[in-house]
1. Let a ≥ b ≥ c be the square roots of the eigenvalues of the Cα gyration tensor of region 65-111; is it rounded (a/c under 1.5), or, if not, prolate (a/b larger than b/c) or oblate?
2. Between rounded, prolate and oblate, where does region 25-114 land on the alpha carbon gyration tensor, with a ≥ b ≥ c its root eigenvalues, rounded for a/c under 1.5, else prolate if a/b exceeds b/c?
3. Could you line up 176, 147, 10, 134 from fewest to most neighbouring Cβ atoms inside 10 Å?
4. Starting from the Cα-Cα distance between residue 21 and residue 93, subtract it from 0.36 nm times their residue separation and give me the gain in nm to one decimal.
5. Could you sort out which of 2/48; 48/91; 105/171; 91/171; 48/171 sit more than 27 Å apart by Cα distance in this structure?
6. Please flag any cysteine in the chain that has no other cysteine's Cβ under 4.7 angstrom from its own Cβ.
7. Sorted by average packing, counted as other Cβ atoms within 10 angstrom per residue and highest first, what order do 94-104, 153-163, 45-55 take?
8. Suppose R0 equals 41 Å; then what is the FRET efficiency for residue 198 and residue 84 from their Cβ-Cβ distance, rounded to the nearest 0.05?
Amino acid sequence: MKPYPISLEISGATAMWTRPDTGATPVSYPVPPWSAAKGIFESIVRLKNVIVNPTAVEICSPIIFHDYTTNYGGPLRKDEQITNNNSFQHKATVLINICYRFYAKIESFKYVPKTLAEASRFAKINSQHACQEIFNRRLHNGQFYEIPCLGWREFMPDYIGPIREDTEVRKVQTGINETLPSFLYCVFDSATGERNPRYVQNPSGRTIANGRLEYAE
């Protein structure tokens, strides 16, 4: 079967890929989980009868952790804080000055058309090729279903687009090698949509080798 690869580059001042095991003062993974990468791709294109499957991520800037504090004023505060109109200081360890290159492939998906018109439309096109073309056009033109974020909604990219040429400032960090013994793969079940977190947990874990992580389980 012919492959239909797509890729993008994304950078920004701050990112947060939360490690669930770090509790109330979360710490970021050095790279985003598979589901976060998938969300970035699908903020650009998504079709009913194909699925975007992220395959790899490359780290294109040094990994720099940074303390981050924000004042939370929402309903999850303690009753006393809400009564006195006091904010809760939320502390985290985030990444700064990030740059990644994401790679994915477009695969067919067994979607049952809801109408005859929809079935007729899908029968006339190669949906994987169409998705690839739409993605590349929208990425080049800066068009999105919604602006992708770098983990947390307040962390917005300063660049998202086609992969740029290597420079001394922005290139794959081949000196980064790290094993992640327990790595979040995705949060929601792909079949039911219900919350069902999945982790990659085995003796070798998930390995960043020469600045690149392969998402394949």
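Coordinate-derived values only; no laboratory data. Computed from a predicted model, the values in this text were never measured in an experiment. Because the Cβ atoms are built from the backbone with ideal geometry, glycine has one as well, and the counts that use them run over all protein chains shown.
1. It is oblate, given that a/c is not under 1.5 and a/b is not larger than b/c.
2. The shape class here is oblate.
3. In order of increasing Cβ crowding within 10 Å: 147, 134, 176, 10.
4. The span from residue 21 to residue 93 would gain 24.6 nm if fully extended.
5. Flagged as over cut-off: 48/91; 91/171; 48/171.
6. 131, 149, 186, each lacking another Cys Cβ under 4.7 Å.
7. So the peptides 94-104, 153-163, 45-55, ranked by packing, come out 94-104, 45-55, 153-163.
8. 0.50
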